[in-house]
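**Student:** Take a look at the following structure, please.
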Amino acid sequence: MTDAILGDLLGARPVARRRVEGGYTPADRSVVTLDDGRSAFVKQATNDLTAGWLRDEHRMYAAIQATYMPRMLGWHDSDRPILILEDLNAASWPPPWTDARVASVLTTLHDVASTPPPPWLPGARDSGFLERGWRYVADDPGPLLRTGIVSDAWLAAALPTLIAASDACLLDGHELLHLDVRSDNICFRADGSALLVDWNLAVVGNARLDTAFWLPTLVGEGGPMPEAILPNGAPEAAFVSGFFAARAGQPPIPGAPAIRPLQLAQLRQALPWACRALGLPRIPG
């Protein structure tokens, strides 16, 4: 990215740039300091995949200006688009989790679900993101078994129950969903209000899905048990665990090697939740 483009978009000259490490996609991330004292977070695509994700994310920021989203400061479309957002360096990122932080996220998820979604957003069932689950594992159990998280015998016995419960999970609805609610996509302003970042997967559907997909990382980081947050959540537990079971053992994604380990970590929390909710035998470990 060039300083001239950033200067035109932000109305001030960049004088310093700090690369931001982390993230699970190969987009280039940095914080730039401007000659008028402001700073901004800059995300630029590095390949065609991240270019598509950035365009999807920009479309959401352009359509919805909400307090639970970072402010968009600029956008430059090209073969490697640039999205500029407010610098959230002063925000707090979890963990740790407190009762107040958990309550703040639940309030934010309610606000998201109450927001009229853009008419062009796909439905959760039709987005293509959620299509693989326990039926996919049943057709090819090898990748999951190679993770070592379950045995062949355990999986064969549990699959009918997991498939039936997952099939019963309600995906359809009329609410706006972020669909990628994890601790690394959540931060808190000084007043304690929660923000969600990375909006490229947003869909329309059943709001319980956003809460359900948050719970594996929440409990994995010392937060409440899923049952305390989402009562009667057996269908969601089965669906979420199936989502991660179908992906965690797959080959690494080119340019994004951290995603499979993340999915495996989420599966290690989601599958015990499903076992408890469905009365299945505990998985080893």
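**Student:** Quick one: the Cα spread of the chain along its three principal axes, in angstroms, biggest first?
**Tutor:** Projected onto its principal axes, the Cα set of the chain covers 63, 37, 36 Å.
**Student:** Give me His174, His76, His58 sorted ascending by neighbouring Cβ count inside 10 Å, so fewest comes first.
**Tutor:** On the way: His174 12, His76 18, His58 23.
Fewest to most other Cβ atoms nearby, the residues stand as His174, His76, His58.
**Student:** Determine the relative contact order of the chain: mean sequence separation of Cα pairs under 8 Å and six or more apart, normalised by residue count, in whole percent.
**Tutor:** Reported relative contact order: 19 percent.
**Student:** Normalising by the residue count of segment 3-86, find the relative contact order in percent from Cα pairs under 8 Å and 6+ residues apart. Walk me through the numbers before you get to the answer.
**Tutor:** Details: 141 pairs, mean separation 21.6, N = 84.
Result for segment 3-86 is 26 percent.
**Student:** Read phi for every residue in segment 53-61 and hand back ³J(HN,Hα) as whole Hz from Karplus 6.51 cos²θ - 1.76 cosθ + 1.60, θ = phi - 60°, with x for Gly and Pro.
**Tutor:** Residue by residue, segment 53-61 yields 5, 5, 5, 5, 5, 4, 4, 5, 5 Hz.
**Student:** Same structure, new question: Give me the net charge of Asn206's neighbourhood, meaning all other residues with Cβ under 15 Å from the Cβ of Asn206; Lys, Arg count +1, Asp, Glu -1.
**Tutor:** Cβ neighbours under 15 Å give a net charge of -4.
**Student:** Between Ala156 and Arg132, how high is the FRET efficiency from 1/(1 + (r/R0)^6) when r is the Cβ-Cβ distance and R₀ = 25 Å? Nearest 0.05.
**Tutor:** Efficiency, rounded to the nearest 0.05: 0.85.
**Student:** Right, something else. When the Cα atoms of segment 244-285 are enclosed in a convex hull and the volume is divided per residue, what value in Å³ results?
**Tutor:** 63 Å³
**Student:** Suppose each label sits 7 Å from its Cα in the direction of the beta carbon; what would the Ser78-Asp167 distance come out to in nanometres?
**Tutor:** Taking the simple label geometry, Ser78 and Asp167 are separated by 5.1 nm.
**Student:** Moving on. Round to a whole angstrom and tell me the spacing of the C-alpha centers of segment 229-275 and segment 135-208.
**Tutor:** Result: 6 Å between the Cα centres.
**Student:** Report the Cα centroid-to-centroid distance between segment 78-129 and segment 37-56 in angstrom, as an integer.
**Tutor:** Comparing the Cα centres of segment 78-129 and segment 37-56, I get a distance of 16 Å.
**Student:** Please return the longest stretch of the chain lacking exposed loop sites, where GluC sites (Glu not before Pro) count only if DSSP places them in a loop and at most 12 other Cβ atoms lie within 10 Å.
**Tutor:** 132-285
**Student:** Which loop chymotrypsin sites (Phe, Trp or Tyr not before Pro) in segment 103-187, with loop taken from DSSP, have no more than 11 other Cβ atoms within 10 angstrom of their Cβ?
**Tutor:** The qualifying sites are Trp120.
Throughout, read-outs are computed from the coordinates displayed, never taken from laboratory work. Quick caveat: nothing in here was measured; it's all calculated off a predicted structure. A quick note on method: Cβ atoms are made from the backbone with ideal geometry, for glycine too, and the neighbour counts reach across all protein chains shown.
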